[in-house]
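Heads up, the thing below is written out as structure tokens.
The values are calculated or read from the model by the stated rules, or taken from the named source; none is laboratory data. The shown structure was predicted, so the numbers you read here are calculated from the model rather than taken from an experiment. Methodologically, a virtual Cβ is constructed for each residue, glycine included, from the backbone with ideal geometry; neighbour enumeration extends over all protein chains shown.
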Amino acid sequence: MNIAPEQLRRHVRYFKRRGYRFSLGRDLTNMATQSKTVCFTFDDGYLSTLTHGREALLAEGVRASIYVVSGLIGKASTWDGELARPLADLPILKTALAEGFEIGNHTSGHQWLGRLPAREQAAAISECKTFLEGAGAGLTSVCYPYGSLNEQTVEVARDMGFGVGMALGGRLARLGDEPLALPRVVIAFSDAVPMLIYRLFMRPLLKRRPH
């Protein structure tokens, strides 16, 4: 969600110490092969992600998946209203791409896909896909803004050739999950390593226990 660069580095080092493999989103097509794997994702393509966040990850030798809104690249996050912030421009996205980061599909205009008919969902995803292909991104994963999807979204993404789709869900992805609707755990600014551990491993177990 948002995190200080040094805190991000601490999170990376936590997974390194425990022998985790770092993956990009596009490579998560088969959950059976993803034991002890972690994938860092950043939605929206904020300029701060492509500067401070990217620099922190490069310092640790790790790459991440960064999902961009093609129609607003180099502009501002209009969906944030009065809190709108600068979005990365194309040159810095291409630099990150050359460094091994995944620049992925986050629609053309940050649309709530779950509220749209299939035709409009397809247009939002397709426009971003065309842009990314033109920028040299090649095969990427797709990330649904706000984690919003409906029963048609997965089929729309599959028909376009995507193998992985990022949703939300507040738990770790596991064997049997639909690869085009993988759950993710949101990490926030104040989450030091103990809270990271709680969010990833403890809270999901507490939610599953009977009261």
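Inclusion of M166 among residues that are free of Cβ contacts under 8 Å to residues at least 12 places away in the same chain, among the aliphatic types (A, V, I, L, M) and within 30 Å of E6 (Cα to Cα) is not warranted.
Scanning the range 1-46 for residues that are assigned to a loop (DSSP other than H, G, I, E, B) and aliphatic (A, V, I, L, M) gives M1, I3, A4, L24, L28. Contact annotation: residue pairs with Cβ atoms under 6 Å, 6 or more positions apart or on different chains, pairing a residue in the range 189-201 that is in contact (Cβ under 8 Å) with a residue 60 or more places away in the chain with a partner that is surrounded by 12 or more Cβ atoms within 10 Å (Cβ to Cβ) and in a helix (DSSP H, G or I), are V193/R10; V193/Y14; L196/H11. Note on the range 97-122: residues that are crowded, with 16+ Cβ neighbours inside 10 Å, without any contact (Cβ under 8 Å) to a residue 60 or more places away in the chain and either of a type in the set (A, V, I, L, M) or outside any loop (DSSP other than H, G, I, E, B) (or both) total 8. Take the conditions of a type in the set (A, V, I, L, M) and touching a helix residue (DSSP H, G or I) at 6+ places or on another chain (Cβ under 6 Å) and apply them to V164. Does it pass? Spelling it out, V164 is indeed of a type in the set (A, V, I, L, M) and touching a helix residue (DSSP H, G or I) at 6+ places or on another chain (Cβ under 6 Å).
Yes/no per residue for (1) within 22 Å of E102 (Cα to Cα); (2) basic (K, R); (3) surrounded by 18 or more Cβ atoms within 10 Å (Cβ to Cβ); (4) within 19 Å of the chain's Cα centre (by Cα):
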position	(1), (2), (3), (4)
G163	yes, no, yes, yes
A167	yes, no, yes, yes
G176	no, no, no, no
L180	yes, no, yes, yes
A188	yes, no, no, yes
D191	no, no, yes, yes
R203	no, yes, no, no
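Can you find, within the range 123-164, the residue that is nearest to S108 (Cα to Cα) among those that are among the hydroxyl-bearing types (S, T, Y) and in a helix (DSSP H, G or I)? For the range 123-164, the residue satisfying everything is S126. Scanning for something under 26 Å from H11 (Cβ atoms) and assigned to a loop (DSSP other than H, G, I, E, B), does the range 194-208 turn up at least one residue? The answer is no; no qualifying residue exists.
All of G169, G138 fail the test of being closer than 25 Å to R18 by Cα, out of contact with any helix residue (DSSP H, G or I) (no Cβ under 7 Å at 6 or more places or on another chain) and at pLDDT below 95, apart from G169.
Within the range 2-29, restricting attention to residues that are of a type in the set (G, A, S) and closer than 19 Å to L182 by Cβ, the residue that is surrounded by the most Cβ atoms within 10 Å (Cβ to Cβ) is G25. Picking from residues in the range 5-48 that are of a type outside the set (D, E, K, R) and modelled with pLDDT under 95, the one that is nearest to A96 (Cα to Cα) is T29.
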